[in-house]
Structure formats: structure tokens, C-alpha cells
1. Once the cut-off is 20 Å, how many percent of the Cα-Cα pairs in the range 108-258 end up in the long-distance tail?
2. Determine the distance separating the Cα centre of the range 50-73 from the Cα centre of the range 8-32; give it in Å without decimals.
3. How big is the convex hull of the Cα atoms of the chain, per residue, in Å³?
4. How far apart, in nm, are the 7 Å Cα→Cβ label points at residue 224 and residue 13?
5. Which of 119, 164, 47 ends up with the largest GNM mean-square fluctuation for the chain, with Cα atoms connected below 10 Å?
6. Can you give the angle from 0 to 90° between the axis of helix 211-224 and the longest principal axis of the chain, with both taken from C-alpha atoms, to the nearest 10?
7. Order by neighbour count: 111, 55, fewest other Cβ atoms within 10 Å first, most last.
8. In degrees between 0 and 90, to the nearest 10, how far off the longest principal axis of the chain does helix 80-114 point, with axes built from Cα atoms?
């Protein structure tokens, strides 16, 4: 059973008893409308949800398009029972993913005014079982999904360093473990940043720093090795992210996925 089937089963269980009691076997038409301005995402998923309940959905806009309040975004036709069975799950996809895409686009636009080359990335602070869709929404919004799982790349964090004992040793052990995987390490001060750069880490993550502290570390790292990617993360809010845009190559924010407000959308039966 794939995820969409799993989600439908979670919702439908033994059947939609309200529709079974009240709705006959006629076909009908419905329209999905945006409740406020934003960036639409989740179109493909919503179409697939309706397909699986026997309906045909016709998108009127595409993933990544900006939509305005009151705009019609999708028309759906088919059995009325199917329209009603798929309504909530389709809207959940659209609302959750559009909220993430909208927030991501806002942060990207804000930060690129200060640094046109900055990358805005997500984290693994995602909803269990829904990560692939949340990460996809980040990409639709113009961001980078970052790691999908623990096997994508090395990310050495404070707890790893507690076990290993030193930044330099941790980087070198990771490098010797697997050729071809990028090695990223999280540091909390200037000396650790320099040590990570001297160990030739691929990416150095500056954790919980002020913009001024991040800038100092950024310049020190680039002076040692210009090729190293510098990422900032930890406690960065969407509204304050642009303050770091000149102090890093990448800004990662857990808020993109764990705190993005859903974009309001609604579906109404037309006939």
C-alpha cells in the first residue's frame, strides 16, 4: 500500500457513512478555490487522490504558480460520493504543501535581495510519514530540500562530537568511512569552524550564531579553503533569515516545514 492509499484508508475506513446515507449515485462537479494569496503546491497529489476515488480533476494552475484570494485552482468531476470522499485528503495535500511553498518563496525572495546566490534549505524537522511531500513543497517554493534521510550525507552534530572527542577526528573518520558522500559538521564557535576547515569538511554548519558571529566564521573558513560550503542554521526565523544572507552560502530553517501555516483552500459542489 503506498502513502496515498494509506491516507485514504485512514480517512475512509469502512466507508463515508454520511454520504452513504445522504447522497445518491449521480455525478457532479466541484471547484477548489484559494482562500488567500500564496504559492500553490500539491496539485499532482490532489489530482491523484481524486483519481483513486473515481473522479477526474482538472488543474487550472500548476505547482509553483502564485494564486490570489478567490482564484479557482482546480475543477473536479465524477460521482458525488467520490468527490466528497476525496475532498479532505486532497485539500490537506494542497493546504499543507502550499503553505510550505508560500513560506519558502517568501524567505527565498527576501534573502536573495541581499545575496542572489543564497540557498534556502529545509531540515529533517518534518511530519512523520509526510516528509517527501513537505520536501517537495520546499523545492516548489524555490528552496532546497536538504537531506531526505540519514544516509544521504554525513552531518556530524554536537552529540557525535561528544562521543568522538574532536572536530578534526570526527571529520577524518567520516571521510574514511565512505568515499563520495559529503561530510558536513556542525560547529558552535570560531575555533571549531577553523578546525573543521583545516580538516577539509565539505560543509560547515554554523549553529545558533548571530549574523555577526556567522560572518566572522564565514570569512575565516573561506580564508582557509574557498571551496567549503558554509551553512547557517539553528533558531533562525523566516523573518530574520535575510540577516544571514551575506554570512553564508546556505541558510537552513526547520520552520519551513514545522511551522508553515496552511494556505486556506476550499471545495464547493457546483451541481
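Quick note: the coordinates plus some simple rules give every number you see, no bench work behind them. Every value quoted in this text rests on a predicted model; they were computed, and no experiment measured them. Cβ coordinates were reconstructed from backbone atoms using ideal geometry, including for glycine residues, and neighbour counts include every protein chain displayed.
1. For the range 108-258, the share of Cα pairs beyond 20 Å comes to 48 percent.
2. 19
3. Output value, Cα hull per residue: 137 Å³.
4. 5.7
5. Looking only at 119, 164, 47, the biggest GNM fluctuation is shown by 164.
6. Here the helix axis deviates by roughly 60 degrees.
7. Ascending number of Cβ neighbours within 10 Å: 111, 55.
8. Roughly 30 degrees, rounded to the nearest 10.
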